[in-house]
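Trainee: The structure's right below; bear with me while I get my questions together.
Every number in this text was worked out from the coordinates using simple rules, so none of it is lab data. This is a predicted model, so every value here is computed, not measured. When we count neighbours, we look across all protein chains shown, and the Cβ atoms used for this are built from the backbone with ideal geometry, even at glycine.
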Amino acid sequence: MIRQFEDETAEFVWCWGITPPDLTKPRGDQAYEIFEKIERMLADHGMTFANVVRTWFYNDRINDWYAEFNAARTRFFESRKVFETFLPASTGIGHPNPFGAALTAGFYAMKPKTAAAKAEIVKSPLQTDAMTYKSSFSRAAEVSCASGRRLFVSGTASILPDSSEVAYLDDPVRQVECAMNAALAIVESRGMTVNDVCRAIVYLKEPSYHEIWQDWLRKRGLKPDFATELVAEVCRPEWLFEVELDSRKGAL
């Protein structure tokens with residue numbers, strides 16, 4: 001599905017449910033071809049991959065081939081000079097699909113009309129860049145235009161500052177705390193608060209972690225439906241929880 005909208009300063013395309021063109025190919029080839037498909041879709045709207053601010057990837061059995069997916073993404077990004085233009089925020093999560101595809105995808109892109117519209121990569125105050133462990137995405141990205149500002153925080157799991165290793169192994173309570181602290185620190189770094197969060201999804205490795213998540217919300221006075229909850233595999237088997245969220249100022 002594709003949603004298109006614009007204001008006086010920028011054009012936007014938000015697309016989801018993208019599948020690879022050839023589901024019979026090996027998983028790494030399907031991953032590379034889904035980037036090529038996104039590129040063709042962008043061209044239909046007068047855009048290139050440099051306009052992509054945010055991506056989502058839902059990989060079937062992600063822990064079986066996440067390194068292979070990362071290699072395909074990096075190869076595509078290098079060939080299109082994405083690292084030299086704009087490295088999108090992203091989520092990569094384990095989730096099956098009804099198509100038999102290795103993965104499905106989505107993206108959000110912006111094409112400025114005037115200098116008043118811009119996209120900016122946002123670093124995390126509490127986590128190192130994902131590129132340090134060869135995962136090609138930014139921790140967050142923000143778009144600004146006449147309609148306001150929207151911050152996209154990438155899928156965020158339990159990593160301590162200056163580390164690329166999973167923190168708090170086998171401890172879902174502390175992993176929830178660590179991931180949420182990191183995600184909300186990004187929000188606060190942009191002059192926003194938890195009350196500006198307009199979309200959030202949490203990924204729980206086990207259904208039983210629902211109560212741990214709800215307890216975290218209760219302690220902070222947040223509503224039980226603060227985020228959509230999904231049971232899913234995170235991209236490392238040791239991770240028990242991941243969150244992605246958007247916050248905004250204005251109508252964007």
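Trainee: Based only on Cα atoms, what mean projected area does the convex hull of the stretch 201-252 have, in nm²?
Mentor: The orientation-averaged projected area of the Cα hull of the stretch 201-252 comes to 4.5 nm².
Trainee: Would you calculate, for the chain, the mean residue ellipticity at 222 nm contributed by helices, counting each DSSP H stretch of 4 or more residues as -39,500 (n - 2.57) and dividing by all residues, to the nearest 500?
Mentor: -8500 deg cm²/dmol
Trainee: So how far apart, in nm, are the two label points at Glu188 and Lys223 if each is 7 Å from Cα heading toward Cβ?
Mentor: Each label point lies 7 Å from its Cα, and together they span 2.3 nm.
Trainee: Give me the extension gain from Glu36 to Asp162: residue separation times 0.36 nm, minus the current Cα-Cα distance, reported in nm with one decimal.
Mentor: 42.0 nm
Trainee: Rounded to the nearest 0.05, what FRET efficiency do Thr85 and Val231 have when you use their Cβ-Cβ distance and R0 = 30 Å?
Mentor: That pair, Thr85 with Val231, gives E of 0.25.
Trainee: Relative contact order for the chain: what is it in percent, counting Cα pairs under 8 Å that are at least 6 residues apart?
Mentor: 20 percent
Trainee: Let me ask something else about it. For Lys205, list the aspartates and glutamates whose Cα falls under 14 Å from its own Cα; do not include residues on the same chain fewer than 8 positions away.
Mentor: Filter leaves Asp170, Asp171, Glu229, Glu233, Glu238, Glu242.
Trainee: Now a separate question. Under the Kirkwood approximation for Rh and a Cα-based Rg, what ratio Rg/Rh is obtained for the stretch 1-58? Write down the numbers at each step before the final one.
Mentor: Numbers: Rg = 12.7 Å, Rh = 12.5 Å.
That ratio is 1.01, to two decimals.
Trainee: What lysines does Lys113 reach when the alpha-carbon gap must be under 28 Å and sequence neighbours fewer than 8 apart in one chain are set aside?
Mentor: Filter leaves Lys37, Lys81, Lys123, Lys249.
Trainee: Work out the FRET efficiency for Glu211 and Asp22 from their Cβ-Cβ distance, taking R0 = 30 Å, and round it to the nearest 0.05.
Mentor: Efficiency, from the Cβ-Cβ distance: 0.10.
Trainee: Follow-up question, since we're still on this one. Dividing the alpha-carbon radius of gyration of the stretch 114-252 by 2.2 N^0.38 Å (N being the number of residues), what value is obtained?
Mentor: 1.05
Trainee: Please sort through the DSSP H helices of the chain and keep those with an alpha-carbon extent of at least 24 Å along the long axis and a Kyte-Doolittle average not below 0.0. Intermediate values should be presented prior to the final figure.
Mentor: Working: long enough: 27-44 (26 Å, -0.81); 62-79 (25 Å, -0.66); 172-189 (25 Å, 0.64).
Taking the DSSP H segments of the chain (at least 24 Å long, mean hydropathy at least 0.0), we get 172-189.
Trainee: Order of Trp65, Trp56 from fewest to most other C-beta atoms within 10 Å?
Mentor: Starting with the residue having the fewest Cβ neighbours, the order is Trp65, Trp56.
Trainee: I would also like to ask the following. Any chance you could run the full-extension gain for Arg61 through Val173? It's 0.36 nm times the residue separation minus the Cα-Cα distance, nm to one decimal.
Mentor: Result: 37.9 nm gained on full extension.
Trainee: I would also like to ask the following. Once Rh for the stretch 2-250 is found with the Kirkwood sum over Cα pairs, what is the Stokes-Einstein diffusion coefficient at 20 °C and 1.002 mPa s, in µm²/s?
Mentor: The calculation lands on 116 µm²/s.
Trainee: If packing is taken as the mean number of other Cβ atoms within 10 Å per residue, what is the order of 128-140, 220-232, 146-158, highest first?
Mentor: Ranked from most to least packed, the peptides come out as 146-158, 128-140, 220-232.
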